[in-house]
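The values are calculated or read from the model by the stated rules, or taken from the named source; none is laboratory data. Keep in mind the model is a prediction, meaning the values are calculated, not measured. A quick note on method: Cβ atoms are made from the backbone with ideal geometry, for glycine too, and the neighbour counts reach across all protein chains shown. All accessible areas refer to the heavy atoms of the entire protein, side chains included, with ligands and DNA or RNA removed. Shrake-Rupley method; radii C 1.70, N 1.55, O 1.52, S 1.80 Å.
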Amino acid sequence: SYGATVAANPGPGTPTGTVTFKVGATTLCTTPALVSGAGSCSASNAPVGADTVTATYNGDATFAVSSGTTTETVSLRPTTTTASATPSSSNSGQSVSYSAHVAPTTGSGTPTGTVTFKVGATTLCTTLALDGSGNGSCSATNAPVGTDTVTATYSGDANFATSSGTTTETVSSAPRPTTTTATATPGSSSPNQSVTYSVNVAPTTGSGVPTGTVTFTTGATFLCTTGLDGSGNGSCSANNAPIGTDTVTATYSGDANFASSTGTTIETVSSGGFGGQSPSQSSSPMLYRPWGATGW
């Protein structure tokens, strides 16, 4: 609250009018009409720091404009940061959502700015600007294996001081389960015909991209091996699938974060051929001897 008393100098009389309070170019407030030369008003926008507040009497028909000063020290308002991790138990490489709520320790108002989440020296993620309720969240997959203390640090803004809060999460080193899906193109082929074997490997739950290789076999017959791209896809070709209806098994190798898995597809390799006649049989026209003939 800012207050001022305006008096005639010298002589009798009581000034009327208003007084405006400013810090530099920042207008704080203007009093209602003075009563017995006194007035007051309130403001919450004084700049942080040691402020010189200037009270300017605006004058009236009888009394001239005048001003006076006072000082005030404005500190950033303290805040409280509350953090959480979802899920609180995860596997290495699994995406975890980190959330924070920042609020004034006392009073009202909504902090702005961002919150950064860390485990020790490892930065996990930084939120976008906090919303109108002081909430923010972000996701990361790089939390260290073990029981982690996650520290959420609020950046602060022009009015609110920085603060931090902690939460805990447990990250297991056990590889995450995967699902392997395989296809063969074309699904029906002839002996020695090239067939393309394709695969997608994905986490059974959550996000992330498995790395490593996938090997295609049918029974004891090795077909081919492929690496995986940035989407968990791969393909390779082979022409040695056995004749018949083949169950092709795609075996994912696994990696540091994702477990091995298998998937199957069916292809049919037909014998093709010669209508039941073996390739060794002659296809030349047959010679015959007319009935009753005694010679050729």
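Here are some notes:
- Solvent accessible area, Å² - residue 35, 1.4 Å probe, full protein context: 100
- Distant alpha-carbon pairs in the range 1-50 (separation over 15 angstrom), percent: 49
- The mean accessible area for residues of the chain, using a 1.4 Å probe and ignoring ligands and nucleic acids, is 54 Å² per residue.
- Values of log10 I(q)/I(0) for the range 199-240 across q = 0.20 Å⁻¹ run -0.63, by the Debye formula with one identical scatterer at each alpha carbon and no solvent.
- Working note: Karplus 6.51/-1.76/1.60 with θ = phi - 60° gives the range 96-102 the couplings 10, 9, 10, 10, 9, 10, 10 Hz, where Gly and Pro are set to x.
- Column: log10 I(q)/I(0), Debye, Cα scatterers of the chain, q = 0.07, 0.11, 0.13, 0.16 Å⁻¹: -0.59, -0.85, -0.97, -1.13
- Only Cα sites of the range 1-139 enter the Debye sum here, all with the same form factor; the resulting log10 I(q)/I(0) across q = 0.11, 0.13, 0.16, 0.19 1/Å is -0.61, -0.70, -0.87, -1.04, listed in q order.
- Between residue 262 and residue 190, the C-beta separation translates, for a Förster distance of 25 Å, into a calculated FRET efficiency of about 0.40.
- Computed lengthening from residue 145 to residue 50, 0.36 nm per intervening residue step minus Cα-Cα distance: 29.5 nm
- On full extension, the segment bounded by residue 225 and residue 69 gains 47.9 nm, given 0.36 nm per residue less the C-alpha separation.
- The range 120-188 and the range 222-255 have Cα centres lying 34 Å from one another.
- When the Cα positions of 173, 156, 82 are compared along the charge dipole of the range 72-223, 173 comes out farthest toward the positive end, with charges on each C-beta of Lys, Arg, Asp and Glu.
- Selection from 186, 92, 31, by position along the positive dipole direction of the chain (Cβ): 186
- GNM top mover of 133, 92, 163 - the chain, alpha-carbon springs below 10 Å: 133
- Estimated FRET transfer efficiency when R0 is 30 angstrom, pair residue 82-residue 43 (beta carbons, to 0.05): 0.50
- Accessible surface of the chain, 1.4 Å probe: 53 percent of it comes from carbon and sulfur atoms.
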